[in-house]
Structures are given as C-alpha cells and as structure tokens.
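Okay, so here's the structure we're looking at.
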Amino acid sequence: MPSFDEFTRESKIFRDRDVLSPHYVPDILPFREHQLRELMSSLAPALMGKKPRNLFIYGKTGTGKTCSVRQVAKKFEEKSTNGKAAIIYLNCRIHNKPYRVMDKVAKTVLAGFDKQGYGLPQIYEGLLKWAGDGRHLIIILDEIDMIKHLDELVYTLTRANDELKSGGISIIGISNKTLLKDELDPRTKSSLYERELVFPSYSANELQKILQQRAELGFKAGAFTPGAINLAGAIAGQESGDARYALKILSRAAEIAEETGKDKITDAEVKSARDMVELDIVKEQIEKLPENHQLVLYAVAKLSATGSRYARLEGEGENDGYLFSGEIYEEYVQLSKKLRRPSKTARSYRSYLNDLEMLGLLTTVESGKGIRGHTKLIRLGHPAQEVMRILSKSMEGGG
Ligand SMILES: Nc1ncnc2c1ncn2[C@@H]1O[C@H](COP(=O)(O)OP(=O)(O)OP(=O)(O)O)[C@@H](O)[C@H]1O
Ligand SMILES: [Mg+2]
C-alpha cells in the first residue's frame, strides 16, 4: 500500500509551481521596456478624451506580445476610473468572426447587452450611443489572423468612427504571422497599421536573464545550478528566441529532477527536458496535419524503419537514411488502399512533401546523377519509431 506521505512531501525543487506555469505573468517583464512604453504612449490619448490611433503589433511566437499587452491593459483599467474609456482584450482563436467579436464587446461594455440575442445592427447602434457620449473604447484583438472576414470587422468599426462626432473605437491587432499584411485588403491594411510595433525575438542572453528571474521566484535556493539556467537559455536562443519554449524546457527539467529524486536541476535534466519538449512540439505538429500529409509521413517513417528497398537492391547500403521519392509514393498509395482512402496524384504528393519539409518533419535533397537519374531523396526529421507511434494514435483518433 502506497502512503500519502510520498505525495504530500514538500518538494525539494519548487518553491512556487505557479511561477513556472504558462499562465503566470511576472510583474516585471525584462527587455520589454521599450514596447511597454510605446504601448502606453499609444493608449494614453484615450485617458485624455482623444482617440488613440490603431496599432498593429507583430513578433514571432513567445516574444512577449500577449503578456505585455495584458499588463498594459490592466494598468489602463486602473487609470480609467471616470467611465470615459474602456479596454477589452479578446483572443481571436475564440472570438473568430466579426459577430463574435462585436457580441463579446457589447456584452462586456454595454449595459443591458449581457443577455443573448442581439443582432449586429442593435449592437452597432448600442456602440455608437455609448461612444457618442464622448467615450473611448480600445479593442485588443490578439491572434487577429484567426478572424474570418477580418476586412468586414475592420470596415464596421471604421465606419462607426466615421459616424461619431465625439468618442471613438480603436483597435490593437496582434499577430505572429508575417504574411498577414500581404493578405489584407488595402483599406483594412491602412486602418490597422496606423502605428506598428515590433517585438523582436529574444537573444540567448536575454532568455537566460528571463529564466533566472523565474528560477529565483519559483525554485528553492540552491535547487538549480547557474549552468543549467544558462544552458536552457542558450538552447532556446539558438532555436527560436522564444521565451515560452525556454520556460517549457526549464519547468520540464524541474519536473524531471523532482521525479528522479534529485535536489538540484543540472545540465543533465535540461538536456533530457529539451528532448522531451522537442517531441511534444513534433507531436502537436503531426496531430494537426491533414490526413494525406499524415499518410505520406507514415510512409516515410515506415520505410525509414525498414530501410530503403531500392538502396538495398542497388547495393547502396550506406545511403545515410535517405529514401527515394518514388518508393515513398508507392508506399503511400498502398497505405491509402489498405485504409480504403482514395490516394492523391503524384503531383499532390509532391506538394505534401514540400509542406512536410517546411515544418521540419523531413528533409529532402536532389540526388546527383547516377543514382536512378534525377530524383528527390528524402529523410525523416525525427526518430522513425516515435513518428510512427504518434501517427498510429492520431490516425486512430481521427477515424
Ligand atoms: N520579457 C519577459 N519576461 C518574462 N517572461 C516573459 C517575457 N516575455 C515572455 N515571457 C513569458 O513567455 C511566455 C510567452 O509569452 P507571450 O504569451 O506573451 O508570447 P506571445 O508573443 O504572445 O506569443 P504568441 O505569438 O505565440 O502568442 C509567457 O509565459 C510569458 O510569461
Ligand atoms: Mg500571444
């Protein structure tokens, strides 16, 4: 019989687990002073009865966009106590259509709108009336690229501003997609990008300081070596400059130390944590793939596990784990047959290969002359057994 003592024993590593959770936002955000100031200066006019210009925030994933904006929004709310300005934060993964955005805005800001069943025209009129009393509304649209019919939403809000004599509505858009700008209709673009603010990726050095700050708050004194923190920062800095990734490695390393009964997080735990976090990310990528991509990837993994048939025939035992494009296609067609799915043309197949390569799930090279003429050689980006395990589960789940 196990004893509860085992589970209630105080941790040798953690002082406060929450500090390492993805939801925790520290009071001080190092290396974001400039961005925080810019944000405040953009919003400040609303506190003085003037309409802030719209602002577009761009930066790669994990560069602190969300946490910086939320922090500034909180400060803004503390200052705007006279009812003349309001700020609302929306994640557009959830509020992903113009109506859903407007409905949420109405429910949050307008009195009497918290019940179901108001149509867009009523909400629109309600907003005009609210702002018409000289009030300013700031709508933060985080992950704005997730909104379907964004042009329509921006148009509606811009038109509202045109109708208003006093008061106004401003938008802060946030995205980590570089290409978004090119996809927007020119009118939407010029509205959204009145002001721009970039969040650069963190350097290894910056990540090390960010991790240091968390480690001091979240871990017990002496429960980590400075080397371990620096290693985690260096790994994340080299890969992506993504603070979320850096923090994931560190918290995983802490869990590993705890589970294995260590009283310190060292380089060894950080290295194992890196491998585990890598695999989690790969798993997420694979699970999100469309079915045909998954089948092609499965074909690559299966052949990688058994070795290239052609290479064996031609006595090229040492082909560095590369497979021929043709044999993968054959395998993919067979797999599709087995699963009673129609297989796609060779041309679609090549575009799947491209997509998979872009995600880093495989690498391709053109073969030199001599090896079966000109062909693509393909290699799996991750261990075959792992990839097959993830795919078997995912394809079962997907039906
Ligand atoms: N300067 C910083 N200091 C401390 N922690 C930070 C800093 N920047 C980011 N973080 C932490 O990193 C994680 C990711 O930050 P955040 O969610 O703000 O990234 P993001 O830029 O919004 O990324 P995405 O584009 O993926 O939404 C959070 O847990 C946050 O607390
Ligand atoms: Mg974010």
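Things to note:
- Asp151 vs. criteria part of a helix (DSSP H, G or I), assigned by TED's automatic domain parsing to the domain that holds Val69 and within 16 Å of ligand 2 (Cβ to nearest atom): no
- Unique match (being free of Cβ contacts under 8 Å to residues at least 60 places away in the same chain and either out of contact with any strand residue (DSSP E or B) (no Cβ under 6 Å at 6 or more places or on another chain) or not in a helix (DSSP H, G or I) (or both)) among Gly241, Gly237: Gly237
- Per-region count, region 17-32, residues more than 9 Å from ligand 1 (Cβ to nearest atom) and closer than 28 Å to Gly83 by Cα: 1
- Candidates Ser191, Ser201, Ser170 - the one that is outside any helix (DSSP H, G or I), more than 20 Å from the chain's Cα centre (by Cα) and touching a residue at least 40 places away in the same chain (Cβ under 8 Å): Ser170
- Number of positions in region 38-66 that are within 16 Å of ligand 1 (Cβ to nearest atom) and in contact with a Pro (Cβ under 8 Å, 6 or more places away or on another chain): 2
- Being in contact with a Leu (Cβ under 9 Å, 6 or more places away or on another chain) and modelled with pLDDT of 95 or more is a description that applies to Leu90.
- Scanning region 160-215 for residues that are within 14 Å of ligand 1 (Cβ to nearest atom) and acidic (Asp, Glu) returns a single hit, Glu206.
- Extreme residue, surrounded by the fewest Cβ atoms within 10 Å (Cβ to Cβ), among residues of region 245-260 that are touching a residue at least 24 places away in the same chain (Cβ under 8 Å) and away from ligand 2 (no atom under 16 Å from the Cβ): Glu258
- Among the candidates Pro45, Pro52, Pro26, Pro30, residue that is farther than 23 Å from Ala243 by Cβ and in contact with a helix residue (DSSP H, G or I) (Cβ under 7 Å, 6 or more places away or on another chain): Pro52
The values are calculated or read from the model by the stated rules, or taken from the named source; none is laboratory data. Source: prediction; values computed, not measured. Glycine gets a Cβ as well: all are built from the backbone with ideal geometry, and neighbour counts include every protein chain shown.
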